[in-house]
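Chemist: What follows is a single structure, and I will ask about it in a moment.
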Amino acid sequence: QQQDCPFGFRCHNRLDHNTSGLTILAKHMVSGCMLSAMVKRREIPREYLAIARSPILPPSGTIAAPLGSKPGSIIERTIDWENGERAVTHYETVTQKNGHSLVRLWLETGRTHQIRIHMKYAGFPLVGDSLYNPDMEYISRQALHSARLVFNHPITQERMEFTLPLPEDMRQVLDPVT
């Protein structure tokens, strides 16, 4: 705007509604096209933090279950072994506090609602997830946070790494103020 040039930006790694954290925005079309290609080639590792009730067992592992649209819904997704698209989520428990587990997750694929559905499928739905686990006792949104992104700058090739700490509402689930 200061240079009186038209400006638009495009988000290159979408987050589910009510998921907090990092996202990538391109300032111009050239870098935007390059970032889009990097996302499609899975060259931008994404790491998330999530909170589920109870201990996660086993404490680390991989969830590989195909995802598809839930019949009769335009929003919800479900595990679909016949027609679903490949979806793989890796996870490890970071800590357990206050009857909850903080879990670090990273995606091999990036399907809509992937983490939320995979955690529910594994028996550990995210707290506060109004769509897949309406457990709103501790938080008013799904306890899911995009915490880390790593990629090479599309123009300079400089390694870029961004981290964002756990937001206050999620910290309160683990360490409530008494």
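Chemist: Relative to the longest principal axis of the C-alpha atoms of the chain, give the angle of the C-alpha long axis of helix 29-40, reported between 0 and 90° and rounded to the nearest 10°.
Modeler: The two axes meet at around 40 degrees.
Chemist: If amide H atoms are built 1.01 Å from N in the plane of the peptide, which residues on other chains or at least 5 residues away come under 5 Å of the amide H of Leu126?
Modeler: Lys120
Chemist: Near the amide H of Val94, under 5 Å away, which other amide H atoms are found, from residues 5 or more places off or on another chain, if H is placed in the peptide plane?
Modeler: Correct list: Leu102, Val103, Arg104.
Chemist: Pull out the extension gain between Lys70 and Glu108, defined as 0.36 nm times the separation in residues minus the alpha carbon to alpha carbon distance; nm, one decimal.
Modeler: Net length gain for the segment: 11.5 nm.
Chemist: Another question, if that's okay. What number comes out for the charge environment of Asn152, summing +1 per Lys or Arg and -1 per Asp or Glu over other residues with Cβ under 13 Å away?
Modeler: Neighbour charge sum, excluding Asn152 itself: -1.
Chemist: Right, here's the next one. What FRET efficiency, computed as 1/(1 + (r/R0)^6) with R0 = 35 Å and r the Cβ-Cβ distance, is obtained for Arg86 and Val177, rounded to the nearest 0.05?
Modeler: Result of the calculation: an efficiency of 0.25.
Chemist: At 1.4 Å probe size, with no ligands or nucleic acids counted, give the accessible surface of Glu47 in Å², nearest ten.
Modeler: For Glu47, solvent-accessible area is about 40 Å².
Chemist: Also, quick follow-up: At a 1.4 Å probe radius, which order do Thr19, Thr95 fall into by accessible area, largest first?
Modeler: Ranking Thr19, Thr95 by accessible area, largest first, yields Thr95, Thr19.
Chemist: Give the long-range amide H neighbours of Met160: residues separated by 5 or more places, or on another chain, with amide H under 5 Å away, using H modelled in the peptide plane at 1.01 Å from N.
Modeler: It is Phe151, Asn152, His153, by chain and number.
Chemist: For the chain, what does the relative contact order come out to in percent, with C-alpha contacts under 8 Å and a separation of six or more?
Modeler: 24
Chemist: Tell me the label only: which of (i) 48, 38, 28; (ii) 54, 36, 23; (iii) 52, 47, 29 is Cα extents along the principal axes in Å as calculated from this structure?
Modeler: (iii)
The values are calculated or read from the model by the stated rules, or taken from the named source; none is laboratory data. This one's a predicted model, so the numbers in the text were calculated from it and none came from an experiment. When we count neighbours, we look across all protein chains shown, and the Cβ atoms used for this are built from the backbone with ideal geometry, even at glycine. Side chains included, ligands, DNA and RNA excluded: accessible areas come from the protein's heavy atoms. Shrake-Rupley method; radii C 1.70, N 1.55, O 1.52, S 1.80 Å.
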